[in-house]
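Only one structure is covered here, and it is reproduced in the block below.
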Amino acid sequence: MVESTKQQIDQVLSEIESLKSIINQNKTMLYQVSLPIHCRIPYLLMGMVVWVFSFLFYFLTVYHGTYDAIPSHVRGTLHITMVVLGIILLPLMVKLWGDSLKKQNNELSLERALNSLVSFRIFTFEFPVGVIGLVFAIYFYLHIDPYYTIPIFAIIFGLRHILIGCVAENYQWSISGYWFLTTALFVALDPIPAPLAVGLTFGCGFLLLAVSTLLAGKYYG
């Protein structure tokens, strides 16, 4: 009787250890995937592109007086260029991210990385925040002022970055997340020209993560 009870206890303890091992493995996977070093080049590219187009639209708006006064063919050319760059940069950034993951760990495939980032606890937070943010953005765009879609999307980005920073226990994600939130409130409460608002929130937010990661890698390995 005593021997049987001892075997059952040992079996339960073994199962607990196995469960803890699985949990730690998943946590390690999420931590490795979420390291901002994998995103520093993509974020650097995104930040530079955002600021280039923000400056161009701001300069043209000031030169012509209003955004609507910019010649339609100039606006069309810039919009097409943005779309083409997006089509080119998106797969390039995904490839850079995947190559960086492989360099760190050969077992980290892009598919496993995406599955880790869309885990239950992350998805259950991101999905409602994204849906609510999108609804507010559409409402403000159609009924109030399209300008306020900028701070709304910046808040969504900020919450997402802070979430990743908390889950992965990484301060660089959190810093950029708080930048998105702070600048979103700033441009919402004290409106500035829309191109500058985009550059300040998204352009600087992307560059902040890239630069802080580069500095962390330089001074802390």
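Laboratory data are not the source of any read-out in this text; all were calculated from the coordinates shown. Since we're looking at a predicted model, the values are computed, not measured. Positions of Cβ are backbone-derived with ideal geometry, glycine not excepted, and every protein chain shown enters the neighbour counts.
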Descending packing, highest mean Cβ count within 10 Å first, for 52-65, 201-214 is 201-214, 52-65
Length-normalised contact order of the range 141-188, Cα under 8 Å, at least 6 apart, in percent, tallies to 40 percent
